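Structure, as structure tokens:
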Amino acid sequence: TDVLALFRITPQPGVDAVEASAAVAGESSTATWTVVWTDLLTACDLYRAKAYKVDPVPNTSDQYFAYISYDIDLFEEGSIANLTASIIGNVFGFKAVKALRLEDMRIPVAYLKTFQGPATGIIVERERMDKFGRPFLGATVKPKLGLSGKNYGRVVYEGLKGGLDFLKDDENINSQPFMRWKERFLYSMEGVNRAIAGTGEVKGHYMNVTSATMEDMYERA
């Protein structure tokens, strides 16, 4: 029922590996950098993460595997931000360790079920694209910046006509002066529809809808 994390740690010179592992467990859960009397107002001992096993890393002289367990109640249900802020947050600047790396995690099913996940997954995408029994074949439009809307749509069409299942926007392309989002959308969809008509296959293009405001993102989506 606990979240389990495997860290590779390199303690600072003179710091015991078990002590460093316990410090990592504390810093990534209920502990802080100094003693505070307000700890007495909480169930800190109950919720503090525990380093339940420490093993030397084979073929190294100063590295160790620290196995740490976290009570599931330490994390908000369905919040990746809260989970990562704890386990891979400030602890990576912790002075007791010279180096720290998260190697693996195990998340209990009960906690996983609190995440809704994406609205669609690979099964839905395969049904939409009518592609089964093989991997999707896709690509990113290049050059990622500088194309006009018309030329962007041409690249989409040529790629889809040439055998790609889909193309996608690069993360750097949004709605810049050389090509506004609406222009890219219209020309890209023209390319998609032409490719569908020419090949008889379902084709697609994934647009980057990120924007300065949530309202704009909703409108684009």
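Values quoted throughout were computed directly from the atomic coordinates according to the rules given, and no laboratory measurement underlies them. Just so it is clear, the model here is predicted, and its values are computed rather than measured. Here the Cβ is made from the backbone with ideal geometry for all residues, glycine too, and neighbour counts use every protein chain on show.
In loop segments of the range 89-197 as defined by DSSP, the chymotrypsin sites (Phe, Trp or Tyr not before Pro) with at most 13 further C-beta atoms inside 10 Å of their C-beta are Phe115, Phe132, Phe136, Phe178.
Straight Cα distances below 21 angstrom link Lys182 to the lysines Lys142, Lys144, Lys150, Lys168, Lys203, with same-chain residues fewer than 8 positions distant left out. The Cβ shell under 11 Å around Gly149 holds other residues with a net charge of +3, Lys and Arg each +1, Asp and Glu each -1.
With a Förster radius of 30 Å applied to the beta-carbon distance between Asn208 and Ile72, the computed FRET efficiency rounds to 0.30.
Where does the Debye-calculated log10 I(q)/I(0) of the range 156-211 sit at q = 0.17, 0.22 Å⁻¹, using only Cα point scatterers of equal weight, no solvent? Here log10 of I(q) over I(0) equals -0.51, -0.78.
Neighbours of Leu74, meaning other residues whose beta-carbon lies under 11 angstrom from its beta-carbon, give a summed charge of -3 when Lys and Arg score +1 and Asp and Glu score -1.
With R₀ fixed at 35 Å, the C-beta to C-beta distance from Lys182 to Phe136 puts the FRET efficiency at about 0.85.
Over the range 3-112, the reciprocal of the mean inverse Cα-Cα separation, the Kirkwood hydrodynamic radius, stands at 14.4 Å. Along its three principal directions, the equivalent ellipsoid of the range 122-220 from the Cα gyration tensor extends over semi-axes of 23, 16, 11 Å, largest first.
At the listed q of 0.11, 0.18 Å⁻¹, the Debye profile of the chain, built from one uniform point per Cα, gives log10 I(q)/I(0) equal to -0.78, -1.13. Projected onto their three principal axes, the Cα atoms of the range 120-180 cover extents of 40, 25, 14 Å, largest first. Could you compute the longest span of the chain free of GluC sites (Glu not before Pro) located in DSSP loops and having at most 15 other Cβ atoms within 10 Å, not counting the site residues? Longest site-free region, per DSSP loop and neighbour criteria: 78-170. Counting Cα-Cα pairs of the range 80-127 in 5 Å increments starting at 0 gives whole-percent bin shares of 4, 14, 18, 18, 15, 12, 9, 5, 3, 1, 0. Neighbours of Ala99 by Cβ distance under 14 Å: Lys/Arg scored +1, Asp/Glu scored -1, total +2. In the chain, the DSSP-assigned H stretches of four residues or longer account for a calculated mean residue ellipticity at 222 nm of -9500 deg cm²/dmol, using -39500 (n - 2.57) per stretch and the full residue count as denominator. Loop-located trypsin sites (Lys or Arg not before Pro) in the range 139-176 (DSSP state not H, G, I, E or B) with no more than 13 neighbouring Cβ atoms inside 10 Å: Lys144.
Calculated FRET efficiency, Lys113 to Leu145, Cβ-Cβ distance, R0 = 41 Å: about 0.50 to the nearest 0.05.
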